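For reference, the structure is listed below as structure tokens.
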Amino acid sequence: MGDPQGFLRHRREVPARRPVPVRLRDWKEVYESQADAELRAQASRCMDCGIPFCNMGCPLGNLIPDWNDLVYRDNWEDAARRLHATNNFPEFTGRLCPAPCEGACVAGINIDPITIKNVELAIIERAFAEGWVTPVIASQPTGKRVAIVGSGPAGLAAAQQLTRAGHEVTVYERADRIGGLMRYGIPEFKMEKHLLDRRLDQMRAEGTRFVVNAFIGGPIEEDRSIPVERLRADADAIVLATGATQWRGLPIPGRELAGVHQAMEYLPSANRIQHGDSVSGAIDAKDKNVIIIGGGDTGADCLGTALRQGAASVHQLEIMARPPDERADSTPWPTWPLMYRVSSAHEEGGERMFSVSTTEFVGENGQLSGLRGHKVRMEMADGRPNFIKIDQSEFELAADLVFLALGFTGTEQTTVVAQLGLELDNRGNIVRDRDWMSSVSDVFVCGDSGRGQSLIVWAIAEGRACAAAVDRSLMGETLLPSPVGPNDRPMR
């Protein structure tokens, strides 16, 4: 490394966030830029650690020490090449990934870990600004056609890799724009969508074809429905990257009341409005008392969205206990640390409530007016958490809107899954073998539809690995990298 003592000379410094009163008046990204000198100092903190556990913490196997050293030496163009060697879309992961690499950083054993994610984002933004990100055109076409269903990060990564291998690739998306949940599930303040469009322009120039409003295997009465068999007849291989979009419900009294919505009924409409669309029946939190059930990233996205819309109050409820301020003993290095985190949305307002369970939605004349719940304590039984009610801990909160951000239970089991008769596992995910193939020949599966709800970095890694398997199936061999296997799991 360029400065073996950099981790001793410099403290961890992350980019400043724009002032809360300022950023709540718009939908722009919350972070300010860092000066090159500061970024180089942060990159110099990367230790000469011998075994870079960050590589193993990252599902993509990013060459983190390599590009940290190159940034420290002010060689940004080579750093961008190293970054793209393992990651098709570092501008997405640099904004949306929770950075498991930092949880595995050797420096993090007893000091603050390296700001890997921030350096990564700085590299790719410098690369775009300098014109170093250009189309990569295949040397010769193979004559093989691949259909990819789903345009989230897994589908896009597979598409780019297969296009560069020379195949004729078409990506089908049932929504009206490409991007999957990155387009309509991630708020603008976390990733402005012109950044997604910028990468899609590169992919189109490389030869990837995109078809929107294409509901593969959808109901026949749908004008945009395309039968799966037509796809099978037109393509030599199909890749399913349809995600885990079957949301988890909360079957308690009052669920039918007007005002109780799934998070993914709320966030897409807010994103469409930022696109300039006219959205009929859009959910607006202005002057409303809002409750979000679920303490994860999707819940935080609902929180930031409701605050920007002008909510009167926001509560975010979580059944788990508040995590400790430092790494919990149950998640020792180099596993992903369980610890209390404050996202930009949490910084902006609202109240977080931990160790609570919702028992009933209440209302009048079919309209939601409140929520009842109680405090809980967690006990483990047969290796599973069991939540016990705490006596005399009942509470009631006023609520005009409730958003359920409880995660997802697997892939949608209608349409394409049903038409192909695909085998599912006991978690509702599509079964695939070690070569990423489903139970139907020449139909491959990658991303959350096979893994279950996961991180964007896992989706991109699976898309890259699945592309290598498809290329090998079509051509008998492949030069495409395969960073992960279909049964790999994160370090816990």
Open item on the list: What are the ³J(HN,Hα) couplings of the range 52-60, residue after residue, when phi is run through the Karplus curve with 6.51, -1.76, 1.60 and θ = phi - 60°? Round to Hz, x for glycine and proline.
Closed with: x, 5, 4, 4, 7, x, 8, x, 7
- [ ] Find, among the GluC sites (Glu not before Pro) in the range 397-483, those assigned to loop by DSSP (not H, G, I, E, B) with at most 15 other beta-carbon atoms within 10 angstrom.
- [x] 423, 477
Task: Rel. contact order, % - alpha carbon contacts under 8 angstrom, at least six apart, the range 117-275 - done: 28
Open item on the list: Could you compute how fast the chain diffuses translationally, taking Rh as the Kirkwood radius over C-alpha pairs and applying Stokes-Einstein at 20 °C with viscosity 1.002 mPa s? Give it in µm² per second.
Closed with: 90
TODO: Give the peptides 39-47, 342-350 in descending order of average Cβ contacts within 10 Å, highest first.
DONE: 39-47, 342-350
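Cα gyration tensor of the range 118-237, axes a ≥ b ≥ c as square roots of the eigenvalues: rounded (a/c below 1.5), prolate (a/b > b/c) or oblate? Can you show the working numbers first?
On the way: a/c = 2.97, a/b = 1.34, b/c = 2.21.
Cα axes put the range 118-237 in the oblate bin.
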Task: HN-Hα J in Hz across the range 406-413 - Karplus 6.51, -1.76, 1.60, θ = phi - 60°, x for Gly and Pro - done: 9, x, 10, 10, x, 7, 5, 9
TODO: Under 27 Å Cα to Cα from residue 190, which lysines show up? Leave out anything in the same chain fewer than 8 places away.
DONE: 28, 117, 286, 288
Open item on the list: Please list, ordered by chain and number, the residues whose modelled amide H lies under 5 Å from the amide H of residue 239; skip anything fewer than 5 residues away on the same chain.
Closed with: 147, 148, 149, 444
Open item on the list: For the chain, what does the helix formula give at 222 nm: sum of -39500 (n - 2.57) over DSSP H segments with n ≥ 4, over the residue count, nearest 500 deg cm²/dmol?
Closed with: -9500 deg cm²/dmol
Task: Cβ crowding within 10 Å averaged over residues, with 235-243, 371-379, 68-76 ranked highest first - done: 235-243, 68-76, 371-379
Task: For the range 421-436, 3J(HN,Hα) per residue [Karplus equation, 6.51 cos²θ - 1.76 cosθ + 1.60, θ = phi - 60°, Hz, x = Gly/Pro] - done: x, 6, 6, 10, 8, 6, 9, x, 9, 6, 6, 9, 8, 5, 9, 6
Task: For residue 393, distant residues with modelled amide H under 5 Å away - done: 375
Open item on the list: Rounded to the nearest 20 debye, what is the charge dipole size of the chain about its Cα centre when +1 sits on each Lys and Arg Cβ and -1 on each Asp and Glu Cβ?
Closed with: 300
Open item on the list: Under the rule a/c < 1.5 gives rounded, and otherwise a/b versus b/c splits prolate from oblate, where does the range 121-188 land using the Cα gyration tensor?
Closed with: oblate
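Using alpha-carbon pairs under 8 Å, 6+ residues apart, how would you state the relative contact order of the range 6-130 in percent? Spell out each step's value before the answer.
Values: 171 pairs, mean separation 36.0, N = 125.
Answer for the range 6-130 is 29 percent.
Taken together, the values in this text are just the output of simple stated rules run on the coordinates, not laboratory data. These numbers were taken from a predicted model, which means no experiment stands behind them. Cβ atoms come from the backbone with ideal geometry, glycine included; neighbour counts cover every protein chain shown.
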